[in-house]
Amino acid sequence: MKKKTYVFLSTLITVSGLLAGCGAPDGNAAPGTDLPGQDNGESLSPGSDRDIVALTLWGAEEDGELLNQIIEGFQQEYAGAASFDITLEYVSESSCKDALLADPEGGADVFAFADDQLRVLVAAGVLARVEDEAGVRDANIEGAWQASCVNDTLYAYPMTADNGYFLYYNKAYLKEEDVTSLDTILEKAAAAGKYVTMDWTSGWYLYSFFGETGMELGMNDDGVSNYCNWNATDTAIKGTDVARALLDISANPAFSSVTDTDFVAGVLDGTVIAGVSGVWNSNTVQQAWGADYGAAKLPTYTCAGRQVQMSSFAGYKMIGVNAYSEHIDWAGKLAAWITSQENQTLRFLMRGQGPSNIQAADSPQVAASPAIQAILSQSAHASLQRVGGNFWEPVQIFGQTMWEGNPQNTNLQELLDTMVDGITLSYN
């Protein structure tokens, strides 16, 4: 997975909107939950302490300006319905789960988190289910709302759909029709004396070559261990077919397995004309290539005598509502507001993050972003990252061996068996 570093800050930003109000609308508790202190649709007498709807929102520090603007809009939208005291606390999406599980009842009413934390939060009873399930499903791309579900029940509001990867390419060397095939991309790059890059030391990227072969990878029901048959010998495309394809690619003088940092360095010094990466590098690549900047879904590659579409892992960010919230109905309204079409468009404009909302993704602003359009196009060939911790190291070792051209000339089936044994190793 693409690892990003976030910092948990205890900084508080309190946004108070003590506006004239007449009480909260009917509350909707999480199914099967009757938590003390919830509104539960009670009528509130004017002037009572409970006239003030106090909510805490957790979000990333780098989203602070955006979230303050969204909070202000929420208070204006519901100015006649209640008086609000909304506190914004900086808790990153990556550390949200740990902070919530440490103190669910004392946690935020509304919080942003990454999709790979969903199952744990649902199992812990922290997430309230989404009441307007049909509306949220209809408003968002399929991958995003599916990522927000557990056992077909929606537990979160999709917010972004851009944590994945695709192909950047330089139009001075490659045409739109060229980038549909990795063979063609490598041929053009070799002729120009340039490079095409991808990081084969990361299982996050190397998954691309296995994802649409018919072989399987996933997490077992224990939520920890993995199942994997990338060493299969009885499938239409066998594990050794993929391994041979990787060796053919690594032998091409135009290919280089490098980290994300080295990909950017190659773009800047002109040696790299195409590479697999994500939206976090879009501004840098666009500035370097200018009018020649291009982005597209991943290409096909030759495997077992056929063209196989390269797949990807997809990641989403979402907004959850704490099942222990004292104002669960208003918390749900705030979550819906943060993830609305209007505010997903605003998030793109202010933070460059790709929307999961269908109409926001179709907006002129988002349509003008090659990187966002590429990630949306790639989403048809993307899978949720649902793997346990034992996945990463064995795949890293295998990928490095393939990039180096299998220098020990080890039997390919043996290499695959060793990798799969490591991936499926039980913690018990």
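The values are calculated or read from the model by the stated rules, or taken from the named source; none is laboratory data. Note that the structure is predicted; figures quoted are calculated from it, not measured. Quick reminder, even Gly has a Cβ in these numbers, built from the backbone with ideal geometry, and neighbours come from all protein chains shown. Accessible surface is based on the protein model in full, side chains and every heavy atom, while ligands, DNA and RNA are left aside. Shrake-Rupley method; radii C 1.70, N 1.55, O 1.52, S 1.80 Å.
Structure values in brief
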quantity	calculated
Residue count for region 316-337, restricted to those that are surrounded by fewer than 23 Cβ atoms within 10 Å (Cβ to Cβ) and touching a helix residue (DSSP H, G or I) at 6+ places or on another chain (Cβ under 6 Å)	1
Pair list, Cβ < 8 Å and 6+ apart or interchain, from region 406-418 residues that are under 14 Å from Leu246 (Cα atoms) to residues that are of a type in the set (Phe, Trp, Tyr) and part of a loop (DSSP other than H, G, I, E, B)	Leu416/Trp230
Given (1) surrounded by 17 or more Cβ atoms within 10 Å (Cβ to Cβ); (2) touching a residue at least 60 places away in the same chain (Cβ under 8 Å); (3) closer than 19 Å to Leu376 by Cα, index of the condition Val110 fails	(3)
Of the criteria (1) farther than 18 Å from Gln400 by Cα; (2) part of a loop (DSSP other than H, G, I, E, B), which one Pro253 fails	(1)
Residue count for region 248-280, restricted to those that are farther than 19 Å from Thr184 by Cβ and open to solvent by 10 Å² or more (accessible area, probe 1.4 Å)	14
Matching residues in region 239-286 - criterion: being charged (D, E, K, R) and within 19 Å of Leu416 (Cβ to Cβ)	Asp241, Arg244, Asp248
Unmet requirement for Trp392, which otherwise passes all of (1) surrounded by 23 or more Cβ atoms within 10 Å (Cβ to Cβ); (2) in a helix (DSSP H, G or I)	(1)
Number of the condition not met by Gln365 [criteria: (1) within 14 Å of Leu206 (Cα to Cα); (2) open to solvent by 40 Å² or more (accessible area, probe 1.4 Å); (3) of a type outside the set (D, E, K, R); (4) in a helix (DSSP H, G or I)]	(1)
Qualifying position, being open to solvent by 70 Å² or more (accessible area, probe 1.4 Å), out of contact with any Gly (no Cβ under 8 Å at 6 or more places or on another chain) and not charged (D, E, K, R), among Ala102, Ala60	Ala102
Number of the condition not met by Gln359 [criteria: (1) in contact (Cβ under 8 Å) with a residue 12 or more places away in the chain; (2) not in a helix (DSSP H, G or I)]	(2)
Complete set of residues in region 71-87 that are in contact with a strand residue (DSSP E or B) (Cβ under 7 Å, 6 or more places away or on another chain) and either in a loop (DSSP other than H, G, I, E, B) or buried (at least 23 other Cβ atoms within 10 Å of the Cβ) (or both)	Ile71, Ala82, Phe84, Ile86
Residue in region 338-348 that is farthest from the chain's Cα centre (by Cα), counting only those that are over 14 Å from Asn140 (Cα atoms) and open to solvent by 10 Å² or more (accessible area, probe 1.4 Å)	Leu346
Gly290 vs. criteria open to solvent by 30 Å² or more (accessible area, probe 1.4 Å) and either free of Cβ contacts under 8 Å to residues at least 12 places away in the same chain or out of contact with any helix residue (DSSP H, G or I) (no Cβ under 8 Å at 6 or more places or on another chain) (or both)	yes
Cβ-Cβ under 7 Å pairs, at least 6 apart or on other chains, region 258-272 side without any contact (Cβ under 8 Å) to a residue 24 or more places away in the chain, far side in a helix (DSSP H, G or I) and open to solvent by 30 Å² or more (accessible area, probe 1.4 Å)	Val264/Thr284; Leu268/Ala288
Residue check for Ala236: closer than 22 Å to Met419 by Cα, aliphatic (A, V, I, L, M) and either out of contact with any helix residue (DSSP H, G or I) (no Cβ under 7 Å at 6 or more places or on another chain) or open to solvent by 30 Å² or more (accessible area, probe 1.4 Å) (or both)	yes
Any hit, region 223-230, residues being without any contact (Cβ under 8 Å) to a residue 60 or more places away in the chain, surrounded by fewer than 19 Cβ atoms within 10 Å (Cβ to Cβ) and not basic (Lys, Arg)	no
Given (1) within 30 Å of Gln286 (Cβ to Cβ); (2) not in a helix (DSSP H, G or I), number of the condition Ser325 does not satisfy	(1)
Residue that is assigned to a helix (DSSP H, G or I) and either crowded, with 20+ Cβ neighbours inside 10 Å or touching a residue at least 12 places away in the same chain (Cβ under 8 Å) (or both), where the choices are Ser377, Ser383, Ser426	Ser377
Selection within region 64-81 - at pLDDT 95 or above and over 21 Å from Gln353 (Cα atoms)	Gln75, Gln76, Glu77, Tyr78
